Structure formats: C-alpha cells, structure tokens
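Asker: Before I ask anything, let me first share the structure, which is written out below as structure tokens.
The values are calculated or read from the model by the stated rules, or taken from the named source; none is laboratory data. Model, not experiment: these values are computed from the prediction. Virtual Cβ from ideal backbone geometry, glycine too; neighbours counted across all protein chains shown.
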Amino acid sequence: MRIPLVQHSTRRRRARYRRVLWTGAELLVTGGVLVLLLVAHQLWWTNREAREGAERRVEALEREWESGVGADDGSGDAGGESGSDGESGSGDRDPARSGGTTRASSSTPRPSQAYAVLRIPSLGLRVPVAEGTSKQKVLNKGYVGHYAHTQQPGQAGNFALAGHRNTHGEPFRYLNHVGKGDKVVVETRDATYTYVVDKILPQTAPRDSGVIQPVPRSLTRPAYGYTTAGHYLTLTTCTPEYTSRFRLVVWGKLVATQPRA
C-alpha cells in the first residue's frame with residue numbers, strides 16, 4: 001500500500017493562504033475599529049465639544065450685554081456694533097410694540113460673528129446665532145447661522161437661520177417637534193424679539209431658495225408660505241435625520257419686541 005506524500009510546495013501554498021486570510025481578517029477588524037471610532041467622534045465627541053463651546057458663547061454674550069462691554073466673537077476680534085449699511089440702518093418700524101417703543105436690530109455683524117441668542121422654550125434650546133452659514137466657522141461650532149442677505153431680527157422681511165440636525169452640537173435635532181403656536185425668542189444687544197411659529201414645511205428641496213426670501217414661499221411646493229409682506233422668522237435644517245437629502249422649514253411671525261433697558 002502506497003502512502004501519499006505531502007509535497008513541500010503544497011505546504012508552502014497552504015501557509016501563504018493562511019497568511020493572506022489572517023492578514024485580511026486583521027485589516028477588516030482594524031477597519032471596523034476605525035469606522036467605530038469615526039462614528040463615535042462624529043456622534044458623541046463633536047456634539048459634546050460643540051455644545052459646550054456654544055453654551056460658553058451664550059454666557060459670554062449675556063455677560064457682555066449686561067455689562068455693556070463690546071462683544072467678542074471668540075476669534076480674538078472685537079465685536080459689538082461694527083457699523084451699518086443703508087438697509088440695516090433704515091429703522092424699519094416694527095408692528096410688535098412694547099411700551100410704545102419700536103426697534104429693530106440695526107448693526108451689521110461681521111462674517112462668523114456670534115451676535116444673538118436663539119431660544120426655543122418648547123425644546124429647551126438656547127444657542128448662539130452667528131453671521132453666515134459657513135460649516136467650519138459657524139455651523140460646526142454648534143451655532144445657528146444667519147443666512148447672509150436676509151433681514152436681521154425685528155426688521156421687516158425674513159430673518160432666516162440654519163442649523164445642524166445631527167452632529168456638531170445638533171441644535172436643530174428636534175426642530176420637527178416644534179408646533180404651531182410655539183414661541184421662538186431672539187435676544188440681541190438691543191432688544192428681545194418674540195416670534196410665534198405659524199407655518200411648517202415638512203420637506204422641500206435643498207435648493208428651494210424661496211423659503212428664505214423676504215416674503216417666504218416655497219418654489220417647489222407653492223402651497224407653503226406667504227403672499228404678503230411682514231416680519232418673518234425662518235428656521236431650516238436637514239431632513240430626514242442623518243441625511244442632507246431634504247430640508248425642514250419652520251416659519252414664524254414677530255409678535256413682540258422688548259428693548260433692553
């Protein structure tokens with residue numbers, strides 16, 4: 001009876017196969033760990049870091065307003081009122097009066113400057129508002145960004161804002177829970193403006209620029225929006241969660257203005 005012999009070349013091939021399989025498994029495990037770390041960084045660390053930074057900015061703004069000292073936007077530049085252009089300084093009369101006084105925000109913030117605080121009591125939200133919608137300089141810091149070329153708080157037209165739905169502080173994570181009649185408060189150095197949620201557009205295209213026009217009205221879903229001039233607030237964020245496929249839009253109307261003493 002002949003005993004089959006195992007050739008050395010066969011052993012070498014099997015050893016190579018085992019090494020390849022082992023190396024592949026190690027690479028898969030390493031890749032999986034890196035993906036988990038990235039997810040943890042995005043969903044946990046960026047949120048924690050941005051929320052803490054945003055809360056510190058809110059507290060700093062409130063201290064500055066209380067003391068009357070010029071604002072600091074956190075970048076080392078002096079804040080405060082940096083001058084006004086013809087439109088911002090036009091002194092729009094506000095139909096929402098308090099004590100017979102009307103006032104609209106008249107300063108022109110610098111790009112990325114945090115200059116206001118947005119509060120949505122029904123969500124327990126308190127977050128800084130900064131000029132512009134730069135991801136790195138505004139939104140990723142946990143701030144809400146003011147769309148450039150839309151109106152400022154209290155002015156006739158549309159004061160339009162954007163914020164992250166997920167990661168980087170996700171200030172608008174629960175914007176879909178806001179309902180008609182909810183208050184949205186905007187505080188600035190000059191005054192506190194109270195808006196009341198009036199209309200909600202659950203979903204529209206990211207390029208639907210009509211929602212932030214002076215008289216906001218959706219271009220893709222014309223049944224949503226307004227047809228007459230007013231003092232509007234617009235809040236926008238991504239929807240559904242963890243995607244940027246569509247935009248959720250919340251609109252409000254100005255109902256009260258309280259100048260700072």
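Asker: Taking into account only those residues within the stretch 46-90 that are hydrophobic (A, V, I, L, M, F, W, C) and in a loop (DSSP other than H, G, I, E, B), which is modelled with the lowest pLDDT?
Answerer: Residue satisfying both the conditions and the ranking: ALA71.
Asker: What are the residues in the stretch 133-150 that are closer than 17 Å to TYR193 by Cβ and either of a type outside the set (S, T, N, Q) or crowded, with 23+ Cβ neighbours inside 10 Å (or both), if any?
Answerer: Scanning the stretch 133-150 gives VAL144, HIS146, TYR147.
Asker: If we scan the stretch 184-192, do we find a residue that is surrounded by fewer than 22 Cβ atoms within 10 Å (Cβ to Cβ), closer than 14 Å to LEU235 by Cβ and over 11 Å from the mean Cα position of the chain (by Cα)?
Answerer: Scanning the stretch 184-192 turns up at least one residue that is surrounded by fewer than 22 Cβ atoms within 10 Å (Cβ to Cβ), closer than 14 Å to LEU235 by Cβ and over 11 Å from the mean Cα position of the chain (by Cα).
Asker: Of all the residues that make up the stretch 113-132, how many are surrounded by fewer than 20 Cβ atoms within 10 Å (Cβ to Cβ) and under 14 Å from the mean Cα position of the chain (by Cα)?
Answerer: Of the residues in the stretch 113-132, 4 are surrounded by fewer than 20 Cβ atoms within 10 Å (Cβ to Cβ) and under 14 Å from the mean Cα position of the chain (by Cα).
Asker: Mind telling me which of the residues GLY145, GLY132, GLY157, GLY163 ends up being in contact (Cβ under 8 Å) with a residue 60 or more places away in the chain and under 24 Å from GLU49 (Cβ atoms)?
Answerer: Values: GLY145 fails: in contact (Cβ under 8 Å) with a residue 60 or more places away in the chain; GLY132 fails: in contact (Cβ under 8 Å) with a residue 60 or more places away in the chain; GLY157 fails: under 24 Å from GLU49 (Cβ atoms).
One residue alone meets the criteria, GLY163.
Asker: Shifting gears a bit: Which of the following residues is surrounded by 21 or more Cβ atoms within 10 Å (Cβ to Cβ) and either in contact (Cβ under 8 Å) with a residue 12 or more places away in the chain or on the phi > 0 side of the Ramachandran plot (or both): TYR195, TYR226? It would help to see each step written out before you state the result.
Answerer: Details: TYR226 fails: surrounded by 21 or more Cβ atoms within 10 Å (Cβ to Cβ).
Residue meeting the stated conditions: TYR195.
Asker: Moving to a separate point now. Taking the stated definitions as given, is GLY181 assigned to a loop (DSSP other than H, G, I, E, B), surrounded by fewer than 18 Cβ atoms within 10 Å (Cβ to Cβ), in contact (Cβ under 8 Å) with a residue 12 or more places away in the chain and on the phi > 0 side of the Ramachandran plot? Step through it out loud before you land on a result.
Answerer: Values: assigned to a loop (DSSP other than H, G, I, E, B): yes; surrounded by fewer than 18 Cβ atoms within 10 Å (Cβ to Cβ): yes; in contact (Cβ under 8 Å) with a residue 12 or more places away in the chain: yes; on the phi > 0 side of the Ramachandran plot: yes.
Spelling it out, GLY181 is indeed assigned to a loop (DSSP other than H, G, I, E, B), surrounded by fewer than 18 Cβ atoms within 10 Å (Cβ to Cβ), in contact (Cβ under 8 Å) with a residue 12 or more places away in the chain and on the phi > 0 side of the Ramachandran plot.
Asker: Same structure, new question: Of the conditions (1) assigned to a loop (DSSP other than H, G, I, E, B); (2) within 17 Å of the chain's Cα centre (by Cα); (3) charged (D, E, K, R), ARG247 fails just one. Which one is it?
Answerer: Among (1) assigned to a loop (DSSP other than H, G, I, E, B); (2) within 17 Å of the chain's Cα centre (by Cα); (3) charged (D, E, K, R), the lone unmet condition for ARG247 is (1).
Asker: Give the residues of the stretch 125-175 that are in contact with a His (Cβ under 8 Å, 6 or more places away or on another chain), among the aromatic types (Phe, Trp, Tyr) and in a loop (DSSP other than H, G, I, E, B), sorted by residue number.
Answerer: The one that is in contact with a His (Cβ under 8 Å, 6 or more places away or on another chain), among the aromatic types (Phe, Trp, Tyr) and in a loop (DSSP other than H, G, I, E, B): PHE172.
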